[in-house]
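Here it is: the structure, laid out below.
The values are calculated or read from the model by the stated rules, or taken from the named source; none is laboratory data. Because the structure is a prediction, the values reported are computed rather than measured. Reconstructed Cβ throughout: ideal geometry from the backbone, glycine too, with neighbour counts over all protein chains shown. Accessible surface is based on the protein model in full, side chains and every heavy atom, while ligands, DNA and RNA are left aside. Shrake-Rupley method; radii C 1.70, N 1.55, O 1.52, S 1.80 Å.
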Amino acid sequence: MKVLVTGGTGYIGSHTCIQMIASGVTPVILDNLYNSKALVLDRIEEVTGTRPEFYQGDIRDSAILETIFAQHRIDAVIHFAGLKAVGESVEKPLMYYENNVAGTLNLVQAMERAGVTRLIFSSSATVYGDPASVPIRENFPTSATNPYGRSKLMVEECLSDFHKANPEWSITLLRYFNPVGAHKSGRLGEDPQGIPNNLLPFVAQVAVGRREKLGVFGNDYPTPDGTGVRDYIHVVDLADGHLAALNKVSQKAGLHIFNLGTGHGNSVLEMVAAFEQAAQKPIPYQILPRRPGDIAECWADPSYAEQQLGWKAQRSLQEMVEDTWRWQEMNPQGYQD
Ligand code: NAD
Ligand code: UDP
């Protein structure tokens with residue numbers, strides 16, 4: 001099977017390409033390298049022995065999509081390419097709608113022209129907004145609190161309408177909870193540009209000495225220790241979830257929606273304590289006010305994915321923090337050409 005992977009040199013895409021190659025699926029990567037480095041291709045080759053075919057280009061460029069579909073018999077598309085910084089999306093909403101929404105529409109139109117009718121889309125638990133209860137099931141109401149989240153929701157809605165008109169397509173929406181961790185080799189991991197927005201990359205940069213201390217955004221939430229609770233999932237488990245979707249449902253016509261999470265929540269302070277254990281050093285932190293738009297707690301009910309895909313997250317919290325630390329310690333400045 002040959003799969004076009006948009007955003008394949010990014011954090012989740014690169015780990016998914018590795019799992020694909022290991023199971024005999026051939027990835028063809030399209031990425032504009034806006035938020036990733038070509039060096040990732042060397043690292044994928046290093047750990048798998050296979051260098052994926054790579055096109056540097058944009059999902060908004062119809063010509064490059066046409067070239068790829070003409071040069072390869074693509075069976076399915078896994079669509080990771082997108083912008084993902086919530087704060088930036090508030091500052092530059094049009095950039096987010098243009099890239100994430102218009103980009104996806106352009107991709108689907110190119111697929112239609114090429115007769116490729118199987119799509120797996122990277123969505124997010126952010127589409128649940130502030131859920132009325134946890135754990136979150138796929139049939140919970142959706143809403144958005146910022147342009148990033150709205151761009152994911154808009155794409156979900158566009159794809160759902162498109163599917164009604166084209167029921168022979170297989171469209172899978174994967175709603176990720178909080179991806180963390182890195183490849184066991186320590187050669188691939190998350191490499192945020194600038195100040196990390198997400199918790200674990202920030203903690204890892206404190207541990208490696210790039211930042212002085214973590215700011216904990218609020219300790220007055222209605223949670224056991226007052227800090228925010230999230231469903232952290234190892235990126236390799238998440239990658240395996242894509243393979244399960246590819247093998248199980250992308251063969252079947254339908255609009256398929258799955259949560260990819262572990263079903264367990266951990267607080268900010270629990271994550272800090274786990275990281276301190278892995279890195280064998282203290283992580284200094286200070287309590288700051290709540291971050292606007294944050295919710296108290298969010299974790300998945302992953303049972304539908306287990307039932308339908310035969311997929312379940314396997315890796316423990318300890319592995320998540322140990323693998324993150326190995327990557328950060330071996331690559332203190334991230335990927336460097
Ligand atoms: P990432 O930034 O590491 O990877 C995204 C890749 O897409 C990057 O390599 C970037 O260069 C590329 N890209 C962006 N716009 C493009 C365009 N117009 N054309 C071609 N390439 C483009 O992000 P990630 O963490 O790997 O996330 C992958 C997907 O999963 C994104 O769609 C993101 O919104 C979604 N997601 C991520 C998280 C998370 O916490 N990491 C959570 C939920 C959903
Ligand atoms: N968080 C924090 N300090 C940081 C980054 C995040 O205290 O520097 C908290 C945040 O308030 C939330 C949790 O860590 O409770 C996870 O945040 P992240 O941005 O990683 O994921 P999201 O909020 O998108 O689920």
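How would 163, 234 line up by accessible area, probe 1.4 Å, largest first? Kindly include the intermediate steps, with their values, before the conclusion.
Values: 163 25, 234 0 Å².
Descending order: 163, 234.
Using only alpha carbon pairs under 8 Å that are at least six residues apart, calculate the relative contact order of the chain and give it in whole percent. Please report the intermediate quantities before stating the final value.
Numbers: 680 pairs, mean separation 65.8, N = 337.
Value for the chain: 20 percent.
Next question. Which number do you get for Rg(Cα) / (2.2 N^0.38 Å) in region 6-81?
Numbers: Rg = 11.6 Å, N = 76, 2.2 N^0.38 = 11.4 Å.
So the Cα radius of gyration is 1.01 times the expected 2.2 N^0.38 Å.
DSSP loop (so not H, G, I, E, B), at most 13 other Cβ within 10 Å: list which trypsin sites (Lys or Arg not before Pro) in region 150-243 pass both filters.
Answer by residue number: 213.
Restricting to Cα pairs below 8 Å that are 6+ residues apart, what does the relative contact order work out to for region 6-126? Please round to a whole percent. Each step should come with its number before you reach the end.
Numbers: 145 pairs, mean separation 31.9, N = 121.
26 percent.
Taking the DSSP beta bridges in the chain as the whole, what percent of them are antiparallel, to the nearest 5? The partial results should precede the final answer.
Details: 2 of 43 bridges.
Given both bridge residues lie in the chain, the antiparallel proportion sits at roughly 5 percent.
Quick one: Karplus J couplings for region 108-114, per residue in order, coefficients 6.51, -1.76, 1.60, θ = phi - 60°, nearest Hz, x for Gly and Pro?
Result, rounded to whole Hz: 5, 5, 5, 4, 4, 5, 8.
Amide H of residue 28 versus every other amide H placed in the peptide plane: which residues, excluding those fewer than 5 positions away on the same chain, fall under 5 Å?
3, 4, 5
Using heavy-atom solvent-accessible surface (probe 1.4 Å) with all chains present, what is the largest-first order of 291, 315, 73? It would help to have the intermediate numbers written out before the result.
Details: 291 95, 315 65, 73 175 Å².
Largest accessible area first, the residues go 73, 291, 315.
Would you compute, from DSSP H runs of 4+ residues alone, the mean residue ellipticity of the chain at 222 nm, taking -39500 (n - 2.57) per run and dividing by the full residue count, rounded to the nearest 500?
Details: 12 runs with 129 residues, N = 337.
Computed ellipticity for the chain at 222 nm equals -11500 deg cm²/dmol.
Taking a 31 Å limit on the Cα-Cα distance, which of the listed pairs 92/213; 184/248; 84/312; 92/312; 2/312; 252/312 fall beyond it?
Numbers: 92/213 28 Å; 184/248 26 Å; 84/312 25 Å; 92/312 36 Å; 2/312 24 Å; 252/312 20 Å.
Correct reply: 92/312.
In whole Hz and in residue order, list the ³J(HN,Hα) couplings for region 298-310 that follow from phi through the Karplus curve 6.51 cos²θ - 1.76 cosθ + 1.60, θ = phi - 60°; x for Gly and Pro.
7, 8, 8, 9, x, 5, 5, 5, 5, 5, 8, 9, x
Using R₀ = 30 Å, calculate the FRET efficiency as 1/(1 + (r/R₀)^6) where r is the Cβ-Cβ separation of residue 164 and residue 45; round to 0.05. Working shown, then result.
On the way: r = 41 Å, r/R0 = 1.38.
That gives a FRET efficiency of 0.15.
Now a separate question. Might you report the magnitude of the Cβ-based charge dipole of the chain about its Cα centre, with Lys and Arg at +1 and Asp and Glu at -1, to the nearest 20 debye? Could the numbers behind the result be given before it?
Details: 29 positive and 38 negative charges, 46 e Å.
Computed about the Cα centre, the dipole is about 220 debye.
Hey, another quick one. Between beta-carbons, use under 9 Å as the cut-off and find the net charge around residue 228, counting Lys and Arg +1, Asp and Glu -1.
With Lys, Arg at +1 and Asp, Glu at -1, the neighbours total +1.
Can you work out the Karplus-derived ³J(HN,Hα) for every residue in region 85-101? Use 6.51 cos²θ - 1.76 cosθ + 1.60 with θ = phi - 60°, whole Hz, and x for glycine or proline.
Going residue by residue, I get 8, 4, x, 5, 5, 6, 6, 10, x, 5, 4, 5, 5, 5, 6, 7, 8 Hz, with x marking Gly and Pro.
Largest first, how would 330, 154 line up by accessible area (1.4 Å probe)? Spell out each step's value before the answer.
Details: 330 100, 154 65 Å².
From most exposed to least exposed: 330, 154.
Now for a separate question. With all protein chains present, how much of the accessible area of region 162-268 (probe radius 1.4 Å) comes from carbon and sulfur, to the nearest whole percent? Can you show the working numbers first?
On the way: 1890 of 3720 Å².
The computed percentage sits at 51.
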